[in-house]
Amino acid sequence: MSWNFKNSKNKFLMAALACSVLSSVGTASAQNKKLETVGISVGSLGNPYFVSLVNGATKQAQKINPQVKILSVSSEYDLGKQSSQIDSFISSGANIILLAAADPQAIGSAVNRARAAGIVVIAIDVSALNADAAVQTDNMQAGRLACAYLAEKVGSGNIVIQNAPQVSSIIERMNGCRESLAKHPDIKVLSDDQNGKVSRDGGMDVMMGHLTRFPDFKGVFTVDDPQAIGATLAAQQLHRTNIIISSVDGSPDAVNIIKSGGLIKATASQDPSLEGSMAVDIGWGLMNGKKPAKTVNLIAPQLVTQDNVAQYKGW
């Protein structure tokens, strides 16, 4: 019997190639994990910003798996409550957790528990210690834009600032605001430490206090739109219509006030729907061994005013 070495060699190479292809397909299949459950813990689902963020995350997750289970809850900025929510996500077998941390540092131990259980944790809106990655607005720039506009319109005189719970996004907005105001020595900040609680009612209460304590101020910066709307309601009740309010969010309600010529004159927009969808995309990639190009992914804000509100696409 004759032996054709050349043909035998070719057959061997073909067989090896086939095994290699099958092996790589098997590996790819193993890496393509199924997205079954996404846990989302945000500050408050009563805030339209977080509602839009959850909607964006949900739509993106459903593109990956139409039957994906979404577990969305409000922490109410309570660390203990949020820590328990993370433990619940772990018990539910979540693949990805999107986390708007109630306390960016103290939440780190709960994040570690989730990661030890094989769950990818993406910080959203604010930073979170030990998270795999983060997606948030460039909050420093948002504060800069809103307060630069306010300073320009006020020119000189007194203003007040409404603060909020001290998570990283709020701290960064305040720092950006102060950076812009430092360029305007003729503007005096009467108050910047009152907590508007990231809510309409909180903003209204703080504004009522400011209007009672300070008879003369021209402008207000609030760190988010719900507080700005509350401040508007308080000013209207006390017939103070000569105040300029600037804020951060780009929410539908604030945009409508800008359009109507109300007291809110500017808001530095966020894109919560994009934030949610990006977070799911990055989490899905990490589930399958793909690291993001950046650990912290910032979305640039846009200043919305009466001059450009007609072109603003909104949430």
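Ignoring ligands and nucleic acids, what accessible area does Leu274 show with a 1.4 Å probe (Å², nearest 10)?
The accessible area of Leu274 comes to roughly 70 Å².
With +1 on each Lys and Arg Cβ and -1 on each Asp and Glu Cβ, and nothing else charged, work out how big the dipole of the stretch 139-269 is about its Cα centre, in Debye to the nearest 20. All intermediate terms of the calculation are to be shown ahead of the outcome.
Working: 13 positive and 13 negative charges, 56 e Å.
So the magnitude is around 260 debye.
Let me know the Rg and Dmax you get for the stretch 114-183 when you use only its Cα atoms, in Å.
Radius of gyration, then largest Cα-Cα span, for the stretch 114-183: 16.1, 55 Å.
State which helices in the chain qualify, where a helix is a whole DSSP H run, it must extend 15 Å or more along its own axis by its Cα atoms, and its mean Kyte-Doolittle hydropathy must be at least 0.5. Provide the component values of the computation, followed by the final result.
Numbers: long enough: 5-31 (39 Å, 0.43); 48-64 (25 Å, 0.00); 79-91 (18 Å, -0.18); 139-154 (22 Å, 0.18); 168-181 (20 Å, -0.36); 200-213 (20 Å, -0.53); 225-237 (18 Å, -0.09); 272-287 (22 Å, 0.60).
Both cut-offs are met by 272-287.
Which value at 222 nm does the chain reach when only helices count, each DSSP H run of 4 or more adding -39,500 (n - 2.57), with the total divided by all residues and rounded to the nearest 500 deg cm²/dmol?
Details: 10 runs with 148 residues, N = 315.
Taking each H run of at least 4 residues, the total per residue is -15500 deg cm²/dmol.
Report, please, the projected area of the chain averaged over directions, based on the convex hull of its C-alpha atoms, in nm². Don't jump to the answer; show the numbers that get you there.
Numbers: hull surface 87.4 nm².
For the Cα atoms of the chain, the hull's average projected area reads 21.8 nm².
With every protein chain kept in the model, how would you rank Trp315, Trp284 by accessible area, 1.4 Å probe, largest at the top?
Values: Trp315 75, Trp284 55 Å².
Reading off the accessible areas and sorting them downward yields Trp315, Trp284.
Say the dipole of the chain comes from +1 at the beta carbon of Lys and Arg and -1 at that of Asp and Glu; which of Gln85, Leu45, Ala134 then lies farthest toward its positive end?
Sorting the options by dipole projection puts first Ala134.
Considering Cα pairs under 8 angstrom that are at least six residues apart, work out the relative contact order of the chain and quote it in whole percent.
On the way: 661 pairs, mean separation 58.3, N = 315.
After rounding, I find 19 percent.
Determine, for each peptide in 247-256, 210-219, the mean count of other beta carbons within 10 angstrom over its residues, then list the peptides with the highest first. The partial results should precede the final answer.
Numbers: 247-256: 24.0, 210-219: 15.1.
Ranked from most to least packed, the peptides come out as 247-256, 210-219.
Once you keep just the Cα pairs under 8 angstrom separated by 6 or more residues, what percentage relative contact order results for the stretch 57-135? Kindly include the intermediate steps, with their values, before the conclusion.
Numbers: 111 pairs, mean separation 19.2, N = 79.
Relative contact order, the stretch 57-135: 24 percent.
Rounded to the nearest whole Å², what accessible area per residue is found for the stretch 191-315 with the 1.4 Å probe?
Numbers: 5640 Å² over 125 residues.
Spelled out: the 1.4 Å probe surface of the stretch 191-315, per residue, equals 45 Å².
For Lys188 paired with Ala310, estimate the spin-label separation in nm (one decimal), with each label point 7 Å from Cα along the Cα-to-Cβ line.
Modelled inter-label distance: 4.0 nm.
Name the lysines eligible as straight-distance cross-link partners of Lys265: C-alpha to C-alpha under 27 Å, and not fewer than 8 places from it in the same chain.
Candidates past the 8-residue exclusion: Lys153, Lys183, Lys188, Lys197, Lys218, Lys313.
How big is the stretch 72-204 in terms of Cα radius of gyration and Dmax, in angstroms?
Calculated on Cα positions, Rg and Dmax stand at 17.8, 56 Å.
Any idea which of Gly209, Ala293, Cys147 is furthest toward the positive side of the dipole for the chain, if Lys and Arg beta-carbons carry +1 and Asp and Glu beta-carbons -1?
The Cα lying farthest towards the positive end belongs to Ala293.
Size of the dipole of the chain about the Cα centre, Lys and Arg at +1 and Asp and Glu at -1 on the beta carbon, nothing else charged, in debye to 20? All intermediate terms of the calculation are to be shown ahead of the outcome.
Details: 28 positive and 25 negative charges, 286 e Å.
Around 1380 debye, computed over the chain.
For the stretch 174-310, taking Cα atoms only, what is the radius of gyration to one decimal and the Dmax to the nearest whole Å?
For the stretch 174-310, the Cα radius of gyration and maximum Cα-Cα distance read 17.7, 59 Å.
Kindly rank 181-188, 301-308, 117-124 from highest to lowest mean number of other beta carbons found within 10 Å of each residue.
Values: 181-188: 13.9, 301-308: 17.8, 117-124: 23.1.
So the peptides 181-188, 301-308, 117-124, ranked by packing, come out 117-124, 301-308, 181-188.
What nm value, rounded to one decimal, do you get for the distance between Lys259 and Asp78 when each label is placed 7 Å out toward the C-beta?
3.7
Can you spot the aspartates and glutamates whose alpha carbon is less than 19 Å from Lys291's alpha carbon? Ignore those fewer than 8 places along the same chain.
Cα-Cα hits under 19 Å: Asp132, Glu275, Asp281.
Calculate what fraction, in whole %, of the accessible area of the stretch 213-315 sits on carbon and sulfur atoms when a 1.4 Å probe is rolled over the protein chains. Please report the intermediate quantities before stating the final value.
Details: 2360 of 4550 Å².
Carbon and sulfur together cover 52 percent of it.
The values are calculated or read from the model by the stated rules, or taken from the named source; none is laboratory data. Note that this is a predicted model, so its numbers are computed, not measured. Glycine gets a Cβ as well: all are built from the backbone with ideal geometry, and neighbour counts include every protein chain shown. Ligands, DNA and RNA are excluded from the accessible area calculation, which covers all protein heavy atoms including side chains. Shrake-Rupley method; radii C 1.70, N 1.55, O 1.52, S 1.80 Å.
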